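Asker: Dumping the structure here so I can ask a few things about it.
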Amino acid sequence: MQLRRRLREADWSWLSACLGVAEGDMNPVEGYLNSGGDPTRKLLTAEVALLNRPDSFSAGHTLVHLAIK
């Protein structure tokens, strides 16, 4: 819960983009990238825990990794 409080708006945009890739919805990805998001950003272990889908996400993966997966 504390991690959720510390996340900035950009972090939520990043997590939404990751979920969008996994679910096949490119709208959050476009929003993240259009707002200046870093396409080479890597998922952190804490972010993977927040996403709560270990079968879809791994620490160190980028949007490209997720898209290929």
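The values are calculated or read from the model by the stated rules, or taken from the named source; none is laboratory data. Keep in mind the model is a prediction, meaning the values are calculated, not measured. Note that we place each Cβ from the backbone using ideal geometry, even for glycine, and neighbour counts take in every protein chain shown. Ligands, DNA and RNA are excluded from the accessible area calculation, which covers all protein heavy atoms including side chains. Shrake-Rupley method; radii C 1.70, N 1.55, O 1.52, S 1.80 Å.
Asker: Ratio of Rg to Rh for the chain, alpha carbon only, Kirkwood? Please list the in-between numbers first.
Answerer: Numbers: Rg = 11.0 Å, Rh = 11.9 Å.
That ratio equals 0.93.
Asker: For residue 38 paired with residue 53, estimate the spin-label separation in nm (one decimal), with each label point 7 Å from Cα along the Cα-to-Cβ line.
Answerer: According to this spin-label approximation, the distance is 2.3 nm.
Asker: Can you pull the accessible area of residue 44 for me, 1.4 Å probe, Å² to the nearest 10?
Answerer: Answer for residue 44: close to 100 Å² accessible.
Asker: Another question, then. Can you order the peptides 30-42, 54-66 by their average number of other Cβ atoms within 10 Å per residue, highest first?
Answerer: Numbers: 30-42: 13.2, 54-66: 14.8.
Result, highest mean Cβ count within 10 Å first: 54-66, 30-42.
Asker: Taking 0.36 nm per residue of separation and subtracting the Cα-Cα distance, what length does fully extending residue 26 through residue 68 add?
Answerer: 13.7 nm
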